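Reviewing the structure listed below.
The values are calculated or read from the model by the stated rules, or taken from the named source; none is laboratory data. Model, not experiment: these values are computed from the prediction. All Cβ positions, even for glycine, are placed from backbone atoms using ideal geometry, and neighbour counts span all protein chains on display. Just so you know, the surface numbers come from the protein's heavy atoms only, side chains and all, with ligands and any DNA or RNA stripped out. Shrake-Rupley method; radii C 1.70, N 1.55, O 1.52, S 1.80 Å.
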Amino acid sequence: MKLFDPRKSLRVAAAAALLCAALPARALAAQQAPAQQSQPPLADPYAERLRGFEEFVRRRMERDRIPGLTIGFFKDDYTWVKGFGFADLENRTPATAESAYRLASITKSMTGAAVVQLAERGKLDLDAEIQTYVPDYPKQKWPVTVRNLLTHTGGGQTGSGLGTEQVTTKEIVARISKHPIQYEPGTRYDYQTSGYNLLGAAVEQVSGQSFEAYLRENLWLPAGMRDTRMDDVRGLVPNRVRGYDLADGTVKNAPFVNVSSRFAGGGATGTVPDLLRWARAAFDGKLLSPRWVSEMLKPFTSKSGRYTGLGDGDVYYALGWMVQPVNGSLALRAEGSQKGTDTLLLYFPGKRLAIAAACNLEAAPTRRYAQHLYELITDDSWDAKVYARAREDAPAALALGSAYNYGNLHFEQHGRPLTSDPKELAEAFAFFNSNASRSAARTDFAAAARRIRDARHPAGNLTLVKLGSYVSSRLREKRGAEGFRKYYAGGAVPFFADYVRLYKADTATPKSLRFTPEFESQIARWDADWARTWNDYTRRLSITPATDFDSVGARLRKDFEGAEVYPDFTADIQPIQQGLIALKAARLGVDLYPNSDELLFNWGFFVILSEQSSEGRDALKTAAGEYERPLAYFRRGLELNPGGVMRAKTFLDIGGRWLGRPQMAGAGAELLGAATSLHPKDAAVREMYGDFLLRKGQPEAAAESYRQAYALDPGVGKGMSADEYVARRVEAAAGEKKK
């Protein structure tokens, strides 16, 4: 039973005998030293950890059915890279440190750096219209700037296409030109490769060189990247891997594609060592001055006053790089996925650490490998997200996480708090005290949560960033850089609890920069709960489709019992979408995290799917025992997060995929029926509900649903009367049923 993700078998055990790796830099130097050297080689500080990591990779690759993977890191002056599995399954060619992978959208970080470099040199204006540099691209309904394209806020450029033929820059621009943008630039984030292809055309126009020649001369060679090039399907590329994908659960050769149509948005090929060199060079002043590096990493503010990027700007998409907090640490990220490849590059400036990974399987969970390596190397936590058991405490938990993560991100990036102005800081603390409280949540939960979400955006005056970066500055001053590291393992709760302890021991701290007595008592309780629940077991717990949810669930229920706050594993549980294990995971999720709209959606959705067969109903009994109707879970999720997964579009997207599958008529009718209860004024939902009722053999009920849709929005009839519209819908559905 395969289950739907509302967001978005090969065995490789034999690969262990064929692993091929580059030695760590220090070990390599010792190996090449004269035999008569009198000094013993330096001990490898990461050797034991890396042995454990290699075992993790072998086990995990088998589970994830990844044919070949190369992964590595540098920390200060130490570098390690290793290949696992096979670069070519058919010929049993091992993946090595020097294996060359298609880099996919990591190329965008290079395009972004090239554009910013040209701006620094005075040859390009980031806020000029793109047509200034790409005259073949026609004027659009609204102006589209270079910065818009860099930040994916350009109105939705599309049309690059993807095929087997080699295409030129001029042909790509002509393709994109046939597709006008759909909405005003600067209003929302819409990730598109076509916009970056226009930027590649601008680089060529401004520099007078081919895109590849410009990058090689101005980026790659200065960075020492001698194994990076634009992908060439006819050229002889040293150590090129073969790409694969999964088809019906089996590893197959990936279909042939020529990525020349992705050139500036995803057309490069390179190695993991070169990616590490790229991370080092992009930010060390070799390619851009510090001022322009800062410009490259500046988040974009939409016209509604929100930072743009993944989610609600949870990850900022700057000028070619993603900027995000990783449990309080500033992380810069570039990643990509396309036919036959998946790649990731992470750089942590404050830790002088970079991690790069590439594998030859599209949409592989590459980030899990990098995350595990990060935790082993640093002893820090990738995420220490706090979950509040009581709904009325959820806004406070959100405020803690936002202030801690985005305040620390700002401090690490700029070396100072966002503001030192006493009045602004007093306003920030007053905001927190007024909104991150139980009384505010009880008065109007949705409004309190919305104000807190807004408060890390310009629309909310960056209030929580001001507060968090100020608290960070005080704790760093008190504890020093090394003492501050405890928060990278512990997260937001001890961060706030220690600030309260700090000012209670310092009578000079004004009342305006303190929290309320209510919050002081609350954070003390939370600190005790967190110390108990964020323990060695939960810190090291990895939740995957292979998890034994019976034993893990029993342990977590025991550890979390009676705690007001505890670790939030919703992001690990949510992606588990297949089979009985998905039901067990989702049931545990809604039991432990009843305020997660995504897990509530998952569970309600899984119930609908499972009830369509006797096998599914048996699985439900095994996983859940007693449960409510799906609408109850959906309604709860909508109340918790009106703008989240329970929005009408989610139901319409799923329903649209089910309409052509007669066996899904019953499931579709229940799903869209629930949607009509959640969104009673949405005509499109009513219309699709009617479509499923017809397919279920209920024409009278379907006709009534169509009439309700027409009453809500006569536009659905496209000029027809209500009777004509209903008759046409019934007739069309009857025709489809006969097919």
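Could you please find all residues in region 247-266 being closer than 28 Å to E62 by Cβ and basic (K, R)? K252, the sole residue that qualifies.
Check whether at least one residue in region 198-212 is under 21 Å from D231 (Cβ atoms) and among the charged types (D, E, K, R), and report yes or no. Yes; the residues of region 198-212 include at least one that is under 21 Å from D231 (Cβ atoms) and among the charged types (D, E, K, R). Scanning region 281-293 for residues being in a helix (DSSP H, G or I) and either touching a Leu at 6+ places or on another chain (Cβ under 9 Å) or open to solvent by less than 50 Å² (accessible area, probe 1.4 Å) (or both) gives a total of 5.
Of the helices (runs of 4 or more DSSP H) lying entirely inside region 417-535, the ones with 3 or more residues being open to solvent by 60 Å² or more (accessible area, probe 1.4 Å) are found at 422-435, 438-443, 445-454, 463-484, 517-533.
Report, by residue number, each residue of region 159-185 that is more than 27 Å from the chain's Cα centre (by Cα), over 12 Å from F263 (Cβ atoms) and of a type in the set (V, I, T). Matches in region 159-185: T164 only. Among residues of region 132-151 that are modelled with pLDDT of 95 or more, those with a beta-carbon under 7 Å from a residue that is buried (at least 23 other Cβ atoms within 10 Å of the Cβ) and polar (S, T, N, Q) at least six positions away or on a different chain give the pairs T151/T308.
Figure legend. Inter-residue proximity from region 699-712: first residues more than 16 Å from R728 (Cβ to Cβ) and at pLDDT 95 or above, second residues open to solvent by 40 Å² or more (accessible area, probe 1.4 Å) and of a type in the set (V, I, T), beta-carbon distance below 7 Å, spacing 6+ or different chains. No pairs are indicated. Counting only helices (runs of 4 or more DSSP H) that sit completely within region 595-664, those holding 2 or more residues that are over 20 Å from R686 (Cβ atoms) and in contact with an Asp or Glu (Cβ under 6 Å, 6 or more places away or on another chain) correspond to 630-640. Within region 362-383, the residues that satisfy the criterion of being in contact with an Asp or Glu (Cβ under 6 Å, 6 or more places away or on another chain) and either crowded, with 24+ Cβ neighbours inside 10 Å or not in a loop (DSSP other than H, G, I, E, B) (or both) are A364, T366. Within region 604-620, if we keep just the residues that are touching a helix residue (DSSP H, G or I) at 6+ places or on another chain (Cβ under 8 Å) and charged (D, E, K, R), the residue that is least open to solvent (accessible area, probe 1.4 Å) turns out to be E611. Residues that are within 28 Å of the chain's Cα centre (by Cα) and of a type in the set (V, I, T): does region 564-571 have at least one? Checked region 564-571: at least one residue is within 28 Å of the chain's Cα centre (by Cα) and of a type in the set (V, I, T).
Filter region 76-93 for residues that are touching a strand residue (DSSP E or B) at 6+ places or on another chain (Cβ under 6 Å) and open to solvent by less than 40 Å² (accessible area, probe 1.4 Å); which is nearest to N239 (Cα to Cα)?
Filtering region 76-93 for residues touching a strand residue (DSSP E or B) at 6+ places or on another chain (Cβ under 6 Å) gives 80-87, 93.
In the following step, the residues that additionally are open to solvent by less than 40 Å² (accessible area, probe 1.4 Å) were identified as 80-87.
Numbers: W80: 19, V81: 15, K82: 14, G83: 12, F84: 14, G85: 14, F86: 12, A87: 8 Å.
Top of the filtered list is A87.
Looking for something open to solvent by 10 Å² or more (accessible area, probe 1.4 Å), of a type outside the set (D, E, K, R), touching a Gly at 6+ places or on another chain (Cβ under 8 Å) and not in a helix (DSSP H, G or I) - is there at least one such residue anywhere in region 188-204? There is at least one residue in region 188-204 that is open to solvent by 10 Å² or more (accessible area, probe 1.4 Å), of a type outside the set (D, E, K, R), touching a Gly at 6+ places or on another chain (Cβ under 8 Å) and not in a helix (DSSP H, G or I).
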